[in-house]
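Just below is one structure, and these are the notes that go with it.
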Number of protein chains: 2
Amino acid sequence: MIADQLELHVSTVSRVLHGTSGESGRAAGPATVERIRRLADELGYRPNPHATGLRTRRSNLIGVLVPRLSDIVLALIYEGIEEAAAGHGLSTFVTNTHDDPGIQRSRTEMVLARRVDGMIFGDAYADARFLAEVTARGVPFVLVSRRAGDLPSVTCDDHLGGRMVGEHLLALGHRDVAVVAGEPYASTGIDRTAGFVAAYASAGIEIPAPRVVASGFDAPGGRAAAEQLLACGPPPSAIFAVNDFAAIGVLGALRDRGLRAGTDISVAGFNDTPLAAELPVPLTTVRSPMREVGRRGVDLLTRLLRGEQAESERLRPELVVRASTAPAPPG
Amino acid sequence: MIADQLELHVSTVSRVLHGTSGESGRAAGPATVERIRRLADELGYRPNPHATGLRTRRSNLIGVLVPRLSDIVLALIYEGIEEAAAGHGLSTFVTNTHDDPGIQRSRTEMVLARRVDGMIFGDAYADARFLAEVTARGVPFVLVSRRAGDLPSVTCDDHLGGRMVGEHLLALGHRDVAVVAGEPYASTGIDRTAGFVAAYASAGIEIPAPRVVASGFDAPGGRAAAEQLLACGPPPSAIFAVNDFAAIGVLGALRDRGLRAGTDISVAGFNDTPLAAELPVPLTTVRSPMREVGRRGVDLLTRLLRGEQAESERLRPELVVRASTAPAPPG
DNA sequence: CTGAAAGCGCTTACAG
DNA sequence: CTGAAAGCGCTTACAG
């Protein structure tokens, strides 16, 4: 370390520059402390994290796995993660796993090989098999966006969000509705669908199984699902897509058939993605606190790292009504 | 290292597990090599990167700065970066700088403090002042997406892309056109605008200054710019927005005024973002090879790290014509 | 109040 | 073909 050019032992310098300083100041004499501090930031001294990591066995690094950052929902969650991590002096590795179990596994190994202190998974499968293995490895981790089993997680209260959409459509008089339900392995789609179905059940309406169709989380996925829904029999009067991209796909499918969203068939999405309000027919959706999910995920992880108890959190969503949903046609 | 439980010296093990192996196999006797290899992957041994980094002064880490990952263009470039980096055995730190010079600076410091081997900037200002400071620090780096001065960069050939749009609109007979030009500090907007203007100049048409308006790179930015353009005087018959998000904003502004995109006013964007084709009026745009920009950026950086000469690259874009551009009204 | 030592897990010449 | 030593830059008890 260059700072011992002022003829002090490295250990003294280390003690001073270390966190101990906030304590009762027994790191060194006040004059010495002052000299060291001065020289340190004059030189822009930064401790070598490799040395520190080697010695302390803490890297202040966390690994983050997401399905894909090109999904704005995950990108915004990551912004929250990054922000909070920086606040805790942590750096993050993010990586895209494309919801592929093989990539999830290999990326986890890669990240672990880097000796991260903990991990954040944004790509949890509801069947938590792989995550059970990770638990067995003893690395602290939390889930964001999607939950699984009773692993520590920070998510939007998706069940409640789905229920809100259900109640909204019920209030508009829609009785024959359908759900574009997302991937069957993601708790987001599962919970949003369940909440929606539960709202209808409370009103004494059972949504028939063929009215609930699995789908990709992107626009082509939503479009395909909608086409399946519209292919035979009378169309539903409203469609709930469990995310905004799928909803955009639904909108496309409707347009192709000459149906007007809102007017002919109501459509609702989920997440309140920035584009939702900009669409030609602005989209009714559920606002989920994406950045906040990321931030709290980091907070939860830091608690875990300190050995504290960690409670999962469900953050409250908010219904945003726009022109894509309208009263059901009389009949 | 646990692997010396087979009664060998660490140095032997290190030699075997190290890259030297591919060489003439003079790391150890064949039998020994075999035993070491076996035990190593039985135990899932991974060298501690802190120790390696401390010893070799190479971290195999690269820092990546982007304006925001929630911009899908950058997210896709980052996917390419990540992919290529993994192929080279490098891990990446990405961070959002929101195009804010203060954040660019502090994040660069943070990343440098982590002892990265090199950096990739996706948020270069055309005035390369800050980057000159980074050069002075001696860290190898490359630019992606945006270029600056003659620093090594991998970008789309934005000038050519702009020119392509210009020629397309000229061929459709548009003579009174406008540009929503993006932020003045980004080479993307500058070059695309310049290429477009050059195409018109070649046809003997000079685009008047008020027809070129700066804008944010997002939908609200595009909307605001379009409103300014439509506020007074006769509207142009076509608008070129230097990216798809801004183009979506333009579309919104047209809709608000009861103008139909394509029919009343032609609109073109840039990047061929996944949503461009899904819009109610599919968007004419320029496809830029985003993942490829990321991949090549990493390749370029690795060349720099090996001390080789590095040539900037301009990747070829492709015009994608859709319904949002149509022949100019006669007159 | 400050110094000296040990050690984190590697790699790299250098011996033998 | 393999071992032994030195050292990367820190931190952490432990002396004095």
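The values are calculated or read from the model by the stated rules, or taken from the named source; none is laboratory data. Quantities reported herein were computed from a predicted structural model and do not represent experimental measurements. Counting neighbours? That spans all protein chains shown, and the Cβs are built from the backbone with ideal geometry, glycine included. All accessible areas refer to the heavy atoms of the entire protein, side chains included, with ligands and DNA or RNA removed. Shrake-Rupley method; radii C 1.70, N 1.55, O 1.52, S 1.80 Å.
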| What are the pairs, 6+ residues apart or on separate chains, where a residue within the stretch B:38-57 that is in contact (Cβ under 8 Å) with a residue 60 or more places away in the chain has its Cβ under 7 Å from a residue that is within 14 Å of DNA strand D (Cβ to nearest atom) and part of a helix (DSSP H, G or I)? | B:GLY53/A:HIS50
| remark: A:ARG37 meets each of (1) outside any loop (DSSP other than H, G, I, E, B); (2) more than 9 Å from every other protein chain (Cβ to nearest Cβ); (3) closer than 28 Å to B:GLY294 by Cα with one exception, condition (3)
| field | the stretch B:275-305: number of residues that are open to solvent by 10 Å² or more (accessible area, probe 1.4 Å) and more than 24 Å from B:VAL66 (Cα to Cα) | value | 6
| query | Got a number for residues in the stretch B:200-222 being more than 14 Å from chain A (Cβ to nearest Cβ), open to solvent by 40 Å² or more (accessible area, probe 1.4 Å) and not hydroxyl-bearing (Ser, Thr, Tyr)? | reply | 9
| request: Could you identify the single residue in A:ILE120, A:ILE103 that is within 18 Å of the chain's Cα centre (by Cα) and either modelled with pLDDT under 95 or more than 8 Å from chain B (Cβ to nearest Cβ) (or both)? | output: A:ILE120
| query | For A:ARG46, are the conditions met, namely being under 20 Å from B:GLU83 (Cα atoms), at the interface with chain B (Cβ under 10 Å from one of its Cβ atoms) and open to solvent by 30 Å² or more (accessible area, probe 1.4 Å)? | reply | no
| task | Considering every residue within the stretch A:166-180, establish whether at least one is more than 19 Å from A:PRO329 (Cα to Cα) and small (Gly, Ala, Ser). | result | no
| task | Among the candidates A:LEU43, A:LEU39, A:LEU17, single out the residue that is aliphatic (A, V, I, L, M) and either away from DNA strand D (no atom under 11 Å from the Cβ) or modelled with pLDDT under 75 (or both). | result | A:LEU39
| query | A:ARG68 fails exactly one of the following numbered conditions: (1) open to solvent by less than 40 Å² (accessible area, probe 1.4 Å); (2) under 16 Å from the mean Cα position of the chain (by Cα); (3) under 27 Å from B:ILE103 (Cα atoms). What is the number of that condition? | reply | (1)
| Residue among B:ALA328, B:ALA323, B:ALA310 that alone is assigned to a loop (DSSP other than H, G, I, E, B), in the same structural domain as B:LEU143 (by TED's automatic domain parsing) and open to solvent by 10 Å² or more (accessible area, probe 1.4 Å) | B:ALA310
| remark: Scanning the stretch B:60-91 residue by residue, the ones that are free of Cβ contacts under 8 Å to residues at least 60 places away in the same chain and within 7 Å of chain A (Cβ to nearest Cβ) total 4
| said: Conditions first: (1) among the hydroxyl-bearing types (Ser, Thr, Tyr); (2) within 16 Å of DNA strand C (Cβ to nearest atom); (3) more than 10 Å from chain A (Cβ to nearest Cβ). B:THR52 passes all but one, so which condition is the exception? | reply: (3)
| request: Find all pairs meeting these conditions: Cβ atoms under 7 angstrom apart; at least six residues apart or on different chains; first residue within the stretch A:258-281 and within 11 Å of chain B (Cβ to nearest Cβ) and free of Cβ contacts under 8 Å to residues at least 40 places away in the same chain; second residue surrounded by fewer than 18 Cβ atoms within 10 Å (Cβ to Cβ) and basic (Lys, Arg). | output: A:PRO280/B:ARG255
| Restricting to the stretch A:252-274, what's the tally of residues that are open to solvent by 10 Å² or more (accessible area, probe 1.4 Å), within 20 Å of A:GLY189 (Cα to Cα) and touching a Leu at 6+ places or on another chain (Cβ under 7 Å)? | 0
| said: Only one of B:VAL197, B:VAL139, B:VAL179, B:VAL134 is crowded, with 24+ Cβ neighbours inside 10 Å and under 24 Å from the mean Cα position of the chain (by Cα). Can you tell me which? | reply: B:VAL179
| said: Looking at the stretch A:233-243, can you tell me whether even one residue there is more than 14 Å from every other protein chain (Cβ to nearest Cβ) and surrounded by fewer than 17 Cβ atoms within 10 Å (Cβ to Cβ)? | reply: yes
